[in-house]
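The values are calculated or read from the model by the stated rules, or taken from the named source; none is laboratory data. Every value quoted in this text rests on a predicted model; they were computed, and no experiment measured them. Virtual Cβ from ideal backbone geometry, glycine too; neighbours counted across all protein chains shown.
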Amino acid sequence: MQLSLNEDQTQILDFVDGLTRPYASQTLHGVGFALTNDALDAEIVEGGFLDIAAIPELGTVTAALAVEKLARLPFALETAFSAIVRPAIDPQLPRPLCLVREGDLTKPLRFLKAGASVVVVGTDGVRSFTATEDLIRSDGGESLYGYPIAFLTEIPAETRAHDIAPAEALRLWRVAVAAEIAGLLAAALESVVTYTSDRKQFGRPIATFQALRHRMAEDQVVTNAAYWLAMKAAGTASAADAAMALNYGQEAAKRVVYDYHQFLGGMGMTLEHPLHLWTYRLRLLTAELGGRGANALAAADALWG
């Protein structure tokens, strides 16, 4: 596996940094749980960052790098599915893109709204339809999941079939979420490092206390591993690698979210600190595709049948 970024990948990530820098500097204290930005989303589309995977010399790995970078932003953006899954299904599908397993309408769908493309992954095939108001149920009020969410009430009789195997759609789904989790983990860690470096007790930053430093070092290792497993899964096109990357990312999220809120003395559970922008999203993504147990079983099945 090539661990160094090539020149194209470095340039693309530099472009992402340049594009998002004005938005990343927004004051975040006291903001809500589901922070979105339509202007930023439009700039990402216009910049072609969601079309990277369709370019042969860039491919899914470079798309995953962009998704990971964009997931670090405080804004909830529908980029993972559009950048990694949509090119393999139909690059012309209207955004936002929502993915659902056939027969499982009990879970909230991120970014679901009228006009969104809903992709249904079943055992026999992959199909899609455009969501309408009568197919959507919202609980009202602000989402506490960190993403704008709604519930799908039913799958309409008329849908459009796509020429992609369900197993391949699931693999890309796992890669997309694993890359997104990696970015959220990195952003949460950076937020905690900044806070603990500034916050002082007994005349010194709390980040200098040995017990906290040891746990933060362990969390850094876990975060790095989630990143590399996601990138490996994007590069190998292996169903086992994709399932293992998502399983590990979900395990990592479960662990570090507890640590980070404890490091901040419970802040981030409220709106006093922006940590919730990443940790609440991580909490929701730990349930993606059945959660840790289901993805561990998927990895075992892919490896050993």
Query - Those residues of region 50-72 which are part of a loop (DSSP other than H, G, I, E, B), modelled with pLDDT under 95 and either surrounded by 23 or more Cβ atoms within 10 Å (Cβ to Cβ) or of a type in the set (A, V, I, L, M) (or both), in sequence order - result: Ile55, Leu58
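Tell me whether region 228-235 contains one or more residues that are among the basic types (Lys, Arg) and at pLDDT 95 or above.
Scanning region 228-235, I find at least one residue that is among the basic types (Lys, Arg) and at pLDDT 95 or above, so the answer is yes.
Can you tell me which residues in region 224-241 are among the basic types (Lys, Arg) and assigned to a loop (DSSP other than H, G, I, E, B)? Can you show your working first?
Filtering region 224-241 down to residues among the basic types (Lys, Arg) leaves 232.
Of everything in region 224-241, nothing turns out to be among the basic types (Lys, Arg) and assigned to a loop (DSSP other than H, G, I, E, B).
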Query raised in the report: Since Pro96 meets every condition but one in (1) in contact (Cβ under 8 Å) with a residue 24 or more places away in the chain; (2) closer than 21 Å to Leu282 by Cβ; (3) touching a Gly at 6+ places or on another chain (Cβ under 9 Å), which condition does it not meet?
Result: (1)
Report task. Could you grab the pairs with beta carbons closer than 9 Å, sequence gap of 6+ or different chains, first residue in region 47-73 and closer than 20 Å to Arg21 by Cβ, second one surrounded by fewer than 18 Cβ atoms within 10 Å (Cβ to Cβ) and among the small types (Gly, Ala, Ser)? Result -> Ile52/Gly59; Arg72/Ala24; Leu73/Ala24
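Of all the residues that make up region 78-90, how many are assigned to a loop (DSSP other than H, G, I, E, B) and surrounded by 24 or more Cβ atoms within 10 Å (Cβ to Cβ)? Give the steps one after another, and end with the answer.
Going residue by residue through region 78-90, those that are assigned to a loop (DSSP other than H, G, I, E, B) are 78-79, 90.
Then keep just the ones that are surrounded by 24 or more Cβ atoms within 10 Å (Cβ to Cβ); that gives 79.
Qualifying residue count for the region: 1.
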Query raised in the report: Out of all the residues in region 144-203, which are touching a helix residue (DSSP H, G or I) at 6+ places or on another chain (Cβ under 6 Å) and among the β-branched types (Val, Ile, Thr)?
Result: Thr153, Ile164, Val175, Val177, Ile181, Val192, Thr196
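Would you say Val221 is free of Cβ contacts under 8 Å to residues at least 12 places away in the same chain, under 25 Å from Lys254 (Cβ atoms) and in a helix (DSSP H, G or I)? Give the derivation first.
Working: free of Cβ contacts under 8 Å to residues at least 12 places away in the same chain: yes; under 25 Å from Lys254 (Cβ atoms): yes; in a helix (DSSP H, G or I): yes.
Yes: the conditions hold for Val221.
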Query raised in the report: Given the structure, is Ala207 part of a helix (DSSP H, G or I), over 14 Å from the mean Cα position of the chain (by Cα), surrounded by fewer than 19 Cβ atoms within 10 Å (Cβ to Cβ) and at pLDDT below 85?
Result: yes
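Can you confirm whether Thr194 is surrounded by 15 or more Cβ atoms within 10 Å (Cβ to Cβ) and of a type in the set (Val, Ile, Thr)? Walk me through how you get there before you give the answer.
Numbers: surrounded by 15 or more Cβ atoms within 10 Å (Cβ to Cβ): no; of a type in the set (Val, Ile, Thr): yes.
No; evaluated as a whole, the condition is false for this residue.
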